[in-house]
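What follows is a set of notes on a single structure, which appears directly below.
The values are calculated or read from the model by the stated rules, or taken from the named source; none is laboratory data. Everything numeric in this text was worked out from a predicted model, so none of it was measured. Cβ: placed from backbone, ideal geometry, glycine included. Neighbour counts: every protein chain shown. Only protein heavy atoms, including side chains, enter the accessible area calculation; ligands, DNA and RNA are left aside. Shrake-Rupley method; radii C 1.70, N 1.55, O 1.52, S 1.80 Å.
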Amino acid sequence: MSAVQKQTKVIIVGAGPAGAGASFFLSKYEIPNIVIDKATFPRDKVCGDACSGKTALVINRANEEWLKEILGKPADFLPSWGIKFVAPNGKDLDIPFSPNRTPETKAPGFTLPRLDFDNFLFSKMPSPFCTIYQGATISAIEKSNSDVSVKFSHQGMEHEVTAPIIIGADGDKGIVRKKFMNDSGSPKAYAVGLRAYYEGITGMHPDNFIELHFLPEMLPGYLWIFPLPHGRANVGVGILSEVVRDKKINLREQMLAAIKNNPSIAPRFANAKLIDKIQGWGLPLAMERQSLSGDNYILCGDAASLVDPFSGEGIGNALYSGMLAAMALKDAIPANDFSARNLKEKYDDVLYKRLGDEFKISATLQRLCRFPWLFNFVVNKAYKSKSLRDTISCMFTDMDLREQLSKPSFYFKILFNK
Ligand SMILES: Cc1cc2nc3c(=O)[nH]c(=O)nc-3n(C[C@H](O)[C@H](O)[C@H](O)COP(=O)(O)OP(=O)(O)OC[C@H]3O[C@@H](n4cnc5c(N)ncnc54)[C@H](O)[C@@H]3O)c2cc1C
């Protein structure tokens, strides 16, 4: 059977946040794009389900009405106003994202199951410039001197689409990265996580603070409890793969043991019910700069290892990198220049200029988390000092301030109350 042939300007593999972000902005720039996803939406994705301010920022830039829709449905997109840190010694610290909040202030973040969030993004993708194939099986990706073609089957038909550029937005273990970069990723820059959905957990913060519990046995990883709409919660653990391997940790057992026995967690689960099976997935971390593009291809989101090494945030970075890829192609398409040199300058360099410092600070913070005493020390001090709590609060929005956290002088100052 001969394949249905199509030409387009950009092929996007993957319709998660990275692919959706790229498609939104390509369509905005009136650039024809074809999106191919193996899944049929709505589809699940193992995640903590917490969307940060960066997610809101990209959605707002793509279309202000979409963010208004999100903010107007707090029952479905649960607004989150802050973060609770629990130090290895069990002491907790509530850090509001907006310490000087007024009734007009919009919540910087929100939570909802990825099944629903990704479907929301997916529902916004159709446009006269975007053609979507979901439930498609890719059989080959081939590159010639000037083009890339993707062969796939969809609803019993064979297709072949060709374009001068392909965006790999197909997540961790993506096939575009494998095809073009021929690598399997560095094990040091990888974390593994488990996700469990519960209902009936008590003691949640009235302003839906997300909770990070830095339990001694999980450092430099943590256990999270993130409130979700309709009285549910996403509970999970995320730890560096090398730590899991070296210490032979059984993540599932460790998470369930903390839920059952930890004195500050267990009572809150007394009447809680697990409502879905516990599932795991990998987090490719942005620990160090790496190549994100080459001749005729660009990688975005997890396919480009852009998960924040400290917070585990990957949704915002996936959307953001998709947006930057579209911006790079807005320049590259008229110039017909899809060379590695041009894409590095227009995409990699721009992305690292905007996010590189954030990644570096987070990588340092993640290394500091290996020292429980340091963590306990900061939380103990912040517990007693409102000004230190306010400083940490501002660190969520101010990168210059957050950088202080990674410097020895910060700890020296709080040690001597300077
Ligand atoms: C346990 C865990 C907890 C996390 N918690 C958070 C959190 O709370 N907040 C946060 O911001 N981030 C979190 N992350 C990270 C976040 O989930 C990812 O960074 C984010 O999903 C990346 O988006 P993406 O679009 O790059 O990839 P994905 O969301 O994985 O989407 C990739 C898409 O590509 C498609 N695809 C894959 N292979 C193919 C193929 N061969 N052909 C066609 N299509 C294909 C898939 O079907 C999928 O739709 C967490 C991750 C894990 C594992």
Unmet criterion (only one of (1) farther than 30 Å from Lys247 by Cα; (2) within 15 Å of the ligand (Cβ to nearest atom); (3) in a loop (DSSP other than H, G, I, E, B); (4) not hydroxyl-bearing (Ser, Thr, Tyr)) for Asp172 | (1)
Across region 266-313, what is the total count of residues that are more than 16 Å from the ligand (Cβ to nearest atom) and touching a Ser or Thr at 6+ places or on another chain (Cβ under 7 Å)?
-> 2
Would it be correct to say that Tyr320 is among the aromatic types (Phe, Trp, Tyr), within 16 Å of the ligand (Cβ to nearest atom), more than 18 Å from Leu283 (Cβ to Cβ) and at pLDDT 95 or above?
-> no
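Taking region 1-24, which residues are in contact with a Lys or Arg (Cβ under 8 Å, 6 or more places away or on another chain) and closer than 23 Å to Gly171 by Cβ?
Gly16, Ala20, Phe24
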Examine region 10-20 for a residue that is more than 20 Å from the chain's Cα centre (by Cα) and more than 24 Å from Pro284 (Cβ to Cβ), and state whether such a residue exists.
-> no
For region 1-89, please list each of the helices (runs of 4 or more DSSP H) lying entirely inside it that holds at least 1 residues being of a type in the set (Gly, Ala, Ser) and open to solvent by less than 30 Å² (accessible area, probe 1.4 Å).
-> 17-28, 53-62
Go through region 152-163 and count every residue that is open to solvent by 40 Å² or more (accessible area, probe 1.4 Å) and closer than 22 Å to Leu26 by Cα.
-> 0
Return a yes/no flag: does region 296-306 have any residue that is open to solvent by 20 Å² or more (accessible area, probe 1.4 Å) and either assigned to a helix (DSSP H, G or I) or free of Cβ contacts under 8 Å to residues at least 12 places away in the same chain (or both).
-> yes
Please name all residue pairs, on different chains or six or more residues apart, with Cβ atoms under 7 Å, provided the first residue is in region 266-284 and is closer than 9 Å to Ala196 by Cβ and the second residue is within 14 Å of the ligand (Cβ to nearest atom) and part of a loop (DSSP other than H, G, I, E, B).
-> Gln279/Val46
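Quick one: would you say Asn261 is of a type outside the set (A, V, I, L, M), without any contact (Cβ under 8 Å) to a residue 40 or more places away in the chain and out of contact with any Cys (no Cβ under 7 Å at 6 or more places or on another chain)?
Spelling it out, Asn261 is indeed of a type outside the set (A, V, I, L, M), without any contact (Cβ under 8 Å) to a residue 40 or more places away in the chain and out of contact with any Cys (no Cβ under 7 Å at 6 or more places or on another chain).
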Which of the residues belonging to region 330-349 are open to solvent by 30 Å² or more (accessible area, probe 1.4 Å), closer than 13 Å to Ile298 by Cα, in a helix (DSSP H, G or I) and out of contact with any strand residue (DSSP E or B) (no Cβ under 8 Å at 6 or more places or on another chain)?
-> Arg341, Glu345, Lys346, Asp349
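Among the residues of region 47-54, is there at least one that is closer than 30 Å to Met157 by Cβ and within 15 Å of the ligand (Cβ to nearest atom)?
No, every residue in region 47-54 fails to be closer than 30 Å to Met157 by Cβ and within 15 Å of the ligand (Cβ to nearest atom).
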List, please: which pairs have Cβ atoms under 6 Å, are six or more places apart or on different chains, and start with a residue in region 38-51 that is in contact (Cβ under 8 Å) with a residue 40 or more places away in the chain and end with one that is near the ligand (Cβ under 6 Å from one of its atoms) and open to solvent by 40 Å² or more (accessible area, probe 1.4 Å)?
-> Val46/Trp281
Hey, does region 193-203 have a residue that's open to solvent by less than 20 Å² (accessible area, probe 1.4 Å), outside the structural domain of Gly82 (by TED's automatic domain parsing) and within 15 Å of the ligand (Cβ to nearest atom)?
-> no
Just name the residue that is nearest to the ligand (Cβ to nearest atom) out of those in region 101-129 that are modelled with pLDDT of 95 or more and basic (Lys, Arg).
-> Arg114
